Amino acid sequence: MSGQNMRLFTGLQPSGQLHIGNYLGALKPTVELFGEMEGLIMIADYHALTSVKNPKILQDNIVDVVADYIAAGINPTKAVIFKQSDVLEHTELAWIFNCLVTVPFLMQAHAYKDKVAKGLEANAGLFTYPMLMAADILLYDTDVVPVGEDQRQHVEYAREAASKFNTAFGATFKEPKERIIASLGVIPGTDGKKMRKSYGNTIPLFGTDAEIRTAVMSIVTDSTPAGSPLNPETDVAFQLHRHFTPEIPTLQKRYVEGTISYKESKELLAENIIKTIAPMRERRAALSRESVIKILQDGRDVARELAAKKMKEVREKIGVGLY
Ligand code: ADP
Ligand code: TRP
């Protein structure tokens with residue numbers, strides 16, 4: 001990395017099989033941004049530990065998320081891809097930030113508040129989650145953090161941590177800006193509600209052709225008989241066509257004229273989804289577990305060097321760097 005340009009940094013939770021909502025809402029725009037600027041992509045495995053307690057699942061999810069992003073177009077020779085737990089400075093710096101912010105400040109963080117509001121018990125890791133995320137971002141002199149809207153507050157917390165540290169110990173950290181990744185709106189699932197893993201209404205991104213066809217054919221429709229006009233505005237399949245089908249005006253005309261049935265529309269949608277993701281699926285199939293591990297190890301080496309340099313400065317500034 002040259003260090004000359006604006007630097008991007010983002011983190012990904014290793015959270016299992018991705019669906020086409022994740023692809024359109026998060027992967028695709030992230031891949032596009034990382035094509036323009038230099039940056040780092042971190043797999044947030046220690047953040048995931050606040051909820052995942054199964055080592056086999058965590059390990060598989062880490063490998064999967066790296067493979068998914070590379071298959072979707074991230075170039076590992078351009079972006080540094082590494083995992084959080086490989087760079088010990090993240091947890092070290094998080095501790096230092098924890099000593100600078102107050103308990104009431106952390107109590108306002110959404111991730112913690114939401115969990116408590118649902119009557120669930122939050123672990124201390126979830127409570128201090130934003131300071132680990134601040135450390136992730138600030139260690140690398142990050143300029144811009146591409147994230148979904150739900151992470152906006154966490155980037156504000158990172159700015160606050162930077163400012164607290166700079167005020168206490170002198171200018172050390174850049175204050176990063178969030179870049180809220182272009183929202184395509186909410187992608188509906190097969191039942192018409194937001195596509196979401198926990199709702200069981202997803203169309204898998206890297207599923208087999210058969211899995212994709214089965215999911216698409218299960219999209220709910222109303223009882224309009226074949227041959228009658230269909231309303232494209234209310235049809236779930238039509239909303240998905242908008243992202244995968246090239247000839248939308250033609251399709252819209254067929255809906256309004258009643259020359260396409262729901263069944264035909266869904267068959268066409270399944271084929272167009274398969275066509276769009278086929279090249280990604282081929283790239284993903286060509287990536288072995290070993291090659292993913294090599295990418296993470298190379299990324300680790302670059303990240304470690306940058307993080308070590310920054311932490312040396314931090315240790316000296318706070319007064320623990322005696323020799
Ligand atoms: P899920 O809701 O399936 O658990 P996540 O919360 O892990 O998905 O979301 C990961 C990313 O994918 C987020 O940035 C989110 O904005 C995006 N995303 C998830 N579901 C959708 C959807 N249905 N439409 C658009 N974007 C989505
Ligand atoms: N909290 C983010 C999420 O759940 C993941 C994350 C961890 C992150 N560290 C980060 C995102 C640093 C951006 C920058 O999606």
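Prolate is the label for segment 164-323, because a/c, from the alpha-carbon gyration tensor with a ≥ b ≥ c as root eigenvalues, is 1.5 or above and a/b exceeds b/c. Under a 5 Å amide H cut-off, with hydrogens placed 1.01 Å from N, LEU12 pairs with MET42, ILE43, ALA44 among residues at least 5 apart or on other chains.
In order along segment 76-91, phi translates into HN-Hα couplings of x, 8, 9, 8, 8, 10, 8, 10, 3, 5, 7, 10, 5, 4, 5, 5 Hz, rounded to whole numbers, per the Karplus curve 6.51 cos²θ - 1.76 cosθ + 1.60 with θ = phi - 60° and x for Gly and Pro. Rounded to the nearest 20 debye, the dipole size of segment 207-282 about its Cα centre is 60 debye, using +1 on the Cβ of Lys and Arg and -1 on the Cβ of Asp and Glu. Counting only DSSP beta bridges with both residues in the chain, the antiparallel share comes to about 10 percent. Between ALA162, THR172, GLY148, whose Cα lies farthest towards the positive end of the dipole of segment 137-182 when Lys and Arg beta carbons carry +1 and Asp and Glu beta carbons carry -1, centred on the Cα centre? Comparing the listed Cα positions along the dipole, THR172 ranks first. Sequentially through segment 140-145, phi angles give Karplus couplings (6.51, -1.76, 1.60; θ = phi - 60°) of 10, 6, 5, 8, 10, 10 Hz, Gly and Pro residues having no value and appearing as x.
Pairs exceeding a 23 Å alpha-carbon distance, out of LYS177/LYS294; LYS164/LYS309; LYS194/LYS253; LYS164/LYS312; LYS118/LYS164; LYS78/LYS294: LYS177/LYS294; LYS194/LYS253; LYS118/LYS164. Dividing the summed -39500 (n - 2.57) terms of all DSSP H runs of n ≥ 4 by the residue count of the chain sets its mean residue ellipticity at 222 nm at -16000 deg cm²/dmol.
Working from Cα pairs under 8 Å separated by at least six residues, relative contact order for the chain is 21 percent. Here r is the Cβ-Cβ distance between GLU305 and SER223 and R0 is 45 Å; the resulting FRET efficiency, rounded to 0.05, is 0.10. Within the chain, the proportion of Cα pairs with more than 24 Å between them is 59 percent. Using Cβ point charges alone (K and R +1, D and E -1), the dipole size of the chain about the Cα centre works out to roughly 320 debye. Using the Karplus relation 6.51 cos²θ - 1.76 cosθ + 1.60 with θ = phi - 60°, the per-residue 3J(HN,Hα) values for segment 307-323 come to 5, 5, 4, 5, 5, 4, 4, 4, 4, 5, 5, 7, x, 9, x, 7, 8 Hz, with x marking Gly and Pro. Taking a ≥ b ≥ c as the square roots of the eigenvalues of the alpha carbon gyration tensor, segment 134-190 is prolate, as a/c is not under 1.5 and a/b beats b/c. Projecting the Cα atoms of SER85, ASN22, GLY125 onto the charge dipole of the chain, computed from C-beta unit charges around the Cα centre, puts GLY125 farthest toward the positive end.
Taking amide hydrogens as modeled 1.01 Å from N in the peptide plane, which residues meet the under 5 Å criterion relative to LYS194, leaving out close sequence neighbours? Sorted by chain and number, the residues that satisfy this are GLY189. Distance between the C-alpha centres of segment 196-226 and segment 75-152: 34 Å, rounded to the whole angstrom.
Partners of LYS113 within straight-line reach, counting aspartates and glutamates whose Cα lies under 14 Å from its Cα and excluding those fewer than 8 residues away in the same chain: GLU121, ASP150.
Per residue, segment 40-147 exposes an accessible area of 42 Å² to a 1.4 Å probe, with every protein chain left in place. In this structure the amide hydrogen of GLY39, modeled in the peptide plane, comes within under 5 Å of the amide hydrogens of LEU8, VAL80, none closer than 5 places in sequence on its chain.
How much of the accessible area of the chain, probe 1.4 Å, is carbon plus sulfur, in whole percent? That fraction is 55 percent.
The values are calculated or read from the model by the stated rules, or taken from the named source; none is laboratory data. Predicted, not measured: the structure shown is a model, and the values here were computed from it. Glycine also receives a Cβ, built like all others from the backbone with ideal geometry; neighbour counts cover every protein chain displayed. These area figures cover heavy atoms from the full protein model, side chains too; ligands, DNA and RNA do not enter into them. Shrake-Rupley method; radii C 1.70, N 1.55, O 1.52, S 1.80 Å.
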